[in-house]
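As structure tokens, the structure follows; a few thoughts come after it.
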Amino acid sequence: MNRTQRFQAAIAGAPVDRPPCTAWVHFATDRLGGTEHAMRHARFVRDCDWDICKIVNDFRYPLPEGVETLTGPTEMLRFEREPMSRESFSEELKCIRLLRAEFGDEMPIMLTTFDPFQQVMRRVGYTRASMVFGHPRESLRMLDAVCRTMEDYMGAVRQAGCDAIFFSVNSAITPPQSRGIDDRTFREFFRPFELRMLEAMSGMTRVLHIHGTNLDLSRVLDYPVEALSVSDRLAGNPSLAQLRTMTDKCLMGGVDESTIVEKSLPELRAEIHDAVRQAGRERFILSPGCTIPTQTPWYALEAIRRTCEAL
């Protein structure tokens, strides 16, 4: 199988020659532009021989002119639908087009993105979250503007040659965990916008990354996606075996991103074999539960690939 065939088979639950595998790091390229962003991804993917080119999100959502954070509802009302010519979008689109030209049709390209609430918080600071929840009229207008922009963006990335979206959401995190939300907040500020974005992703493979710990997966298990990604090794989260009882979708995970830097190679190999025992060889993509540290040693990345090849 080539990489695209292997990826598509894993998503569909069809037989595979082996599970696909991948990992990803942040390259801090938002200042360097889409060309350098693409070059660093291409080098990392080729050197590691990954089955999926997963693009991390270094170009954060653009704020209205003169806005650095939220001090009240006034700034919220300044958010409008943004054009795709804004640098945050145009440079990432350039990156996708360059990577598609670099790899051709035999490499799945998967872009990371976030729900509208996260798009805003990642720029203005998560300390402003309670302010957003406290001004629903203004904040829902703001989130609608961001969502309309992201719906446009999903169409643009599909046209640029993207095969899949790694859609990271925090909306399954429950109190008292940091960033945890109650059911009412989930239903009002998260679910409607997440479903709109998922609809805009139609035509691409949708991987729902249920980020965090202390998760209520029942909130999002009915989302229209083709695969689920969870940090299955983190304390309090469901294991791959438990996830198998919750869904028949393709699962993505198995490697503990929080310990990979310090793990010995025998421990890492044992973790990978354990992941396959839990999840099975089909409907499974071997990967970290989330982004791995940039200081992850090369021998660990090589071990992931070589162990997966021997499965």
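The values are calculated or read from the model by the stated rules, or taken from the named source; none is laboratory data. All figures in this text were calculated on a predicted structure; none of them were measured in a lab. Positions of Cβ are generated from backbone atoms using ideal geometry, with glycine treated the same way; all protein chains shown enter the neighbour counts.
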Task: Single residue of 158, 141, 179, 191 found to be touching a residue at least 12 places away in the same chain (Cβ under 8 Å) and under 21 Å from residue 63 (Cα atoms) - done: 141
Task: Within the range 24-37, considering residues that are out of contact with any Lys or Arg (no Cβ under 8 Å at 6 or more places or on another chain) and of a type in the set (A, V, I, L, M, F, W, C), the one surrounded by the most Cβ atoms within 10 Å (Cβ to Cβ) - done: 25
- [ ] State which residue pairs qualify: first residue free of Cβ contacts under 8 Å to residues at least 24 places away in the same chain and part of a strand (DSSP E or B) and inside the range 195-208, second residue hydroxyl-bearing (Ser, Thr, Tyr) and crowded, with 20+ Cβ neighbours inside 10 Å in any location, beta carbons under 7 Å apart, and separation of 6 or more residues or different chains.
- [x] none
TODO: Look through 262, 257 and report the one residue that is touching a residue at least 12 places away in the same chain (Cβ under 8 Å) and of a type in the set (Asp, Glu).
DONE: 257
TODO: Please tell me if residue 237 is surrounded by 17 or more Cβ atoms within 10 Å (Cβ to Cβ) and modelled with pLDDT under 95.
DONE: no
- [ ] From (1) within 30 Å of residue 224 (Cα to Cα); (2) surrounded by 18 or more Cβ atoms within 10 Å (Cβ to Cβ); (3) in contact (Cβ under 8 Å) with a residue 40 or more places away in the chain, pick out the condition that doesn't hold for residue 282.
- [x] (2)
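Looking at residue 168, is it among the hydroxyl-bearing types (Ser, Thr, Tyr) and under 19 Å from residue 71 (Cα atoms)?
The answer is no for residue 168.
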TODO: Kindly indicate whether any position in the range 248-260 is in a loop (DSSP other than H, G, I, E, B), under 19 Å from residue 10 (Cα atoms) and in contact with a Gly (Cβ under 8 Å, 6 or more places away or on another chain).
DONE: yes
Open item on the list: I'm told residue 203 meets every condition in (1) buried (at least 17 other Cβ atoms within 10 Å of the Cβ); (2) over 16 Å from the mean Cα position of the chain (by Cα); (3) not aromatic (Phe, Trp, Tyr) except one. Can you identify the failing condition by its number?
Closed with: (1)
- [ ] Identify all residues within the range 38-52 that are buried (at least 17 other Cβ atoms within 10 Å of the Cβ), assigned to a helix (DSSP H, G or I) and either charged (D, E, K, R) or touching a strand residue (DSSP E or B) at 6+ places or on another chain (Cβ under 8 Å) (or both); write none if there are none.
- [x] 40, 41, 42, 45
Open item on the list: Given the criteria at pLDDT 95 or above, among the aromatic types (Phe, Trp, Tyr) and over 17 Å from the mean Cα position of the chain (by Cα), does residue 153 qualify?
Closed with: no
Open item on the list: Can you tell me which residue is farthest from residue 283 (Cα to Cα) among those in the range 211-247 that are touching a His at 6+ places or on another chain (Cβ under 9 Å) and assigned to a strand (DSSP E or B)?
Closed with: 230
- [ ] Take the residues in the range 267-296 that are assigned to a loop (DSSP other than H, G, I, E, B) and over 13 Å from residue 24 (Cα atoms), then tell me which one is nearest to the chain's Cα centre (by Cα).
- [x] 283
Open item on the list: Please go through the range 74-87 and give me each residue that is within 15 Å of residue 125 (Cα to Cα) and out of contact with any Leu (no Cβ under 8 Å at 6 or more places or on another chain), ordered by number.
Closed with: 75
